[in-house]
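**Q** Let me give you the structure first, and then I'll get to my questions.
The values are calculated or read from the model by the stated rules, or taken from the named source; none is laboratory data. Quick caveat: nothing in here was measured; it's all calculated off a predicted structure. In this analysis, Cβ positions are derived from the backbone assuming ideal geometry, glycine residues included, and neighbour counts consider all displayed protein chains.
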Amino acid sequence: MSNCLFCKIIAGEVPATMVYRGIDIVAFRDIHPQAPTHILVVPIKHLESVAAMQPGDVDLVGRLVATAKDIAHNEGLAGFRLVVNTGREAGQSVFHLHVHVLGGRSMHWPPG
Ligand code: AMP
């Protein structure tokens, strides 16, 4: 998508600190980290959100979670939180599906 920030990051048109680049998934550090470790795991395919998932996307989305787990391990996180904001009301601000990996501090529940 020509007007999507994360598509531009994936294409190398906008700089980001990449921590993983696979065939169909990338991960880069969040520009406004909410925890000592805050990484976004993103499919290369432009998919707006979980709400836009089709049956054919189930494997890809499952592998996003598996990649997030590997990244948390590589970052040395004892515990971590995965967040997938879906829709504006839930706090989604970039409409290209992504999994936040947050760790390195104590987390509270419920989230704000
Ligand atoms: P969400 O609000 O769930 O859609 O998450 C979008 C995330 O993208 C936010 O945590 C932003 O801080 C992050 N973000 C926005 N612009 C950039 C950027 N240029 N590089 C890395 N992360 C970004």
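**Q** Which strands (runs of 3 or more DSSP E) sit wholly inside the stretch 21-112 and have at least 2 residues that are within 12 Å of the ligand (Cβ to nearest atom), at positive phi and surrounded by fewer than 15 Cβ atoms within 10 Å (Cβ to Cβ)?
**A** In the stretch 21-112, no matching strands (runs of 3 or more DSSP E) lie anywhere.
**Q** May I ask you to list pairs of residues, at least six apart or on different chains, whose Cβ atoms are under 6 Å apart, with the first in the stretch 86-98 being at pLDDT 95 or above and small (Gly, Ala, Ser) and the second being part of a loop (DSSP other than H, G, I, E, B) and near the ligand (Cβ under 7 Å from one of its atoms)?
**A** Gly91/Asn85
**Q** Could you run through the stretch 1-40 and say how many residues are modelled with pLDDT under 95 and hydroxyl-bearing (Ser, Thr, Tyr)?
**A** 1
**Q** Of these, Ile71, Ile31, Ile44, Ile23, which one is touching a helix residue (DSSP H, G or I) at 6+ places or on another chain (Cβ under 6 Å) and of a type in the set (Val, Ile, Thr)? Steps first, please.
**A** Working: Ile71 fails: touching a helix residue (DSSP H, G or I) at 6+ places or on another chain (Cβ under 6 Å); Ile31 fails: touching a helix residue (DSSP H, G or I) at 6+ places or on another chain (Cβ under 6 Å); Ile23 fails: touching a helix residue (DSSP H, G or I) at 6+ places or on another chain (Cβ under 6 Å).
Answer to the check: Ile44.
**Q** Follow-up. Mind listing whichever residues of the stretch 1-52 are of a type in the set (D, E, K, R) and either in contact with a His (Cβ under 6 Å, 6 or more places away or on another chain) or more than 21 Å from Met107 (Cβ to Cβ) (or both)?
**A** Applying the first criterion (of a type in the set (D, E, K, R)) to the stretch 1-52 yields 8, 13, 21, 24, 29-30, 45, 48.
Correct list: Lys8, Glu13, Arg21, Asp24, Asp30, Lys45, Glu48.
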